[in-house]
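Read the structure below first, then the notes.
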Amino acid sequence: MPKNDFLWWRDGVIYQIYPRSFADSNGNGIGDLPGIIEHLDYLNNGTPDSLGVDAIWLSPVYPSPMHDFGYDVSNYHDIHPDFGTLEDFGRLVEEAHKRGIRIVMDWVMNHSSHEHAWFVESRSSRDNPKRDWYIWHDGGGPGKPPNNWQAVFGGSSWTWDEATGQYYLHLFLPEQPDLNWRNPEIHEALFDELHFWLDRGVDGFRLDVASAYYKDAELRNNPFRLGLRPYDRQHHIHDWNQPETHGVIRDLRKLLDQYPERMAVGEVSRGHIVEYYGNGQDEFHLNFNFDFLHQSWDPRGFQRMVQQWETGLPPGAWPCYVLSNHDVTRHYSRYAAGRWSDARAKVAATMLLTLRGTPFLYYGEEIGMRQGRIPHAQIQDPPGKRYWPLYKGRDGCRTPMQWNDWPNAGFTTGSPWLPVNADHPLVNVAAESQDPNSVLSFYRRLIWLRKATPALQRGSYTSLIGQPVGQLAYLRQTEDQAVLVCLNFFSRPATVEFDPAMLPTLGWRVLLSSVSREDDRVLGSRIELAPFEACILGGV
């Protein structure tokens with residue numbers, strides 16, 4: 001791969017920041033843009049002392065009443081005062097770009113806030129010019145919604161509006177009314193808002209619930225299926241994944257192609273991911289595959305999912321992988337195993353950062369942040385409040401970043417919006433930066449090795465174990481470089497043997513290991529692994 005062929009969204013590492021929880025600069029207990037700016041050198045200062053990421057994805061920072069913590073946008077072209085100002089955002093873009101860090105914004109086009117000026121107008125009367133910017137219907141009158149659709153966060157997807165005597169649709173909270181993409185004025189208005197941010201230097205967008213833009217034109221009932229919650233008792237074939245949605249995404253791709261090196265990554269429905277790549281060049285650049293988020297600690301399951309990606313994507317499409325995000329239990333806690341927990345975290349990190357595809361990290365995973373324990377009285381998340389104790393919400397994966405062992409982990413000098421994890425005196429950036437064996441130190445070495453190794457960025461992927469039992473092994477290869485990745489998923493030593501015919505060489509040098517064996521030489525087609533060892537070898 002030529003050195004000048006680097007493309008940040010394809011070859012780099014993207015780091016998700018939940019802004020409320022990353023760094024608070026003014027002591028009000030809520031993270032903000034100036035706080036992120038203060039920690040850009042931690043993310044990438046151009047040296048291996050930093051994490052080395054190539055882009056940051058910001059969860060929503062727009063004005064919002066925060067019923068769903070920013071995913072209910074009340075103004076698409078400004079910054080919420082909790083996070084700062086447009087000037088702060090401009091400074092963030094400038095300072096990030098100085099360090100080679102791209103900026104990806106969360107973009108919510110399925111719904112707005114009920115406080116957005118568009119919905120306020122739409123709700124004002126049936127003959128308002130913006131009435132059709134949202135989805136209104138008579139239904140059968142009060143208590144008789146238009147159909148059986150259920151909201152993701154609970155209850156009917158329809159809310160009765162007494163003032164105008166109709167229902168409006170919301171796939172999430174009643175405070176998040178769905179926009180009507182069958183009205184071309186919505187398309188024009190939201191694409192104008194995208195131009196606003198592109199012209200300010202934004203490099204990419206993460207498209208929230210992108211497979212829900214269009215709904216069935218006839219508003220037909222969803223068929224029944226077995227499930228625990230009412231939402232899960234429906235096949236969502238009429239409220240999600242309508243064919244017209246692909247036209248919006250193709251238009252989005254055309255817009256982004258007008259700007260150099262811009263990208264879009266889609267949050268789309270499981271089971272439909274490949275569809276939203278289009279022909280591999282005309283829809284999303286990337287689509288999240290959330291299978292890893294639901295996969296147990298089993299190498300067979302991980303390999304099966306990778307093979308499905310590798311064989312299912314259209315030509316020219318590029319995969320991406322993620323182990324944690326703002327909606328699910330942190331993977332350190334999902335895969336915890338007592339004294340082996342850090343070792344497992346290093347195996348998971350190595351897999352994520354060496355597969356063919358773009359890795360997305362979630363803030364704090366690089367220090368082994370655990371899922372937070374939130375007392376019932378301090379739950380902030382709407383579904384957590386609604387379904388507790390059966391479901392405790394998403395607050396546990398959104399707790400403040402742990403920078404040091406100070407009170408509130410150095411996140412804020414005030415009272416944090418969510419409790420700081422009790423383990424922060426030991427699990428924090430400052431402490432782990434001084435420990436060469438820490439999870440953070442391993443992430444840094446791993447990311448910088450990836451940056452220096454073309455085969456780990458763009459190389460082909462070949463699985464070397466047909467039916468893995470306790471280990472994964474695969475080859476990443478370019479025309480002039482071969483890298484062998486071996487992962488032991490169990491707490492006992494293991495021997496991995498390969499078919500020599502599948503290897504480009506029988507001489508290997510250890511480039512990085514989660515145990516102390518760097519620069520070891522391995523000859524032949526047999527690799528010995530320590531318990532829970534992650535080992536990356538380069539051909540010699």
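The values are calculated or read from the model by the stated rules, or taken from the named source; none is laboratory data. These figures come from a predicted structure and were not determined experimentally. When we count neighbours, we look across all protein chains shown, and the Cβ atoms used for this are built from the backbone with ideal geometry, even at glycine.
Computed values, structure above
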item	result
Flag for Tyr391 being at pLDDT below 95, among the hydroxyl-bearing types (Ser, Thr, Tyr) and either crowded, with 16+ Cβ neighbours inside 10 Å or outside the structural domain of Ser491 (by TED's automatic domain parsing) (or both)	yes
Residues of the stretch 403-421 satisfying the condition of being touching a residue at least 40 places away in the same chain (Cβ under 8 Å) and of a type in the set (D, E, K, R)	none
Selection from the stretch 422-454 of residues that are without any contact (Cβ under 8 Å) to a residue 60 or more places away in the chain, farther than 29 Å from Asp405 by Cα and surrounded by 15 or more Cβ atoms within 10 Å (Cβ to Cβ)	none
Contacts under 6 angstrom Cβ, first residue in the stretch 211-222 being touching a residue at least 60 places away in the same chain (Cβ under 8 Å), partner hydroxyl-bearing (Ser, Thr, Tyr) and assigned to a loop (DSSP other than H, G, I, E, B), 6 or more apart	Ser211/Ser269
Output for the stretch 412-441, where each listed residue is assigned to a helix (DSSP H, G or I) and touching a Pro at 6+ places or on another chain (Cβ under 9 Å)	Ala431
Cβ pairs under 8 Å, 6+ apart, first in the stretch 479-506 and at positive phi and touching a residue at least 24 places away in the same chain (Cβ under 8 Å), second acidic (Asp, Glu) and surrounded by 11 or more Cβ atoms within 10 Å (Cβ to Cβ)	none
Some residue of the stretch 503-512 being of a type in the set (D, E, K, R), assigned to a strand (DSSP E or B), farther than 15 Å from Thr350 by Cβ and touching an Asp or Glu at 6+ places or on another chain (Cβ under 7 Å)	yes
Answer from Gly357, Gly372 - the residue that is closer than 24 Å to Tyr71 by Cβ and in the same structural domain as Met105 (by TED's automatic domain parsing)	Gly372
Helices (runs of 4 or more DSSP H) fully within the stretch 83-202 counting 2 or more residues that are acidic (Asp, Glu) and modelled with pLDDT of 95 or more	86-98, 184-198
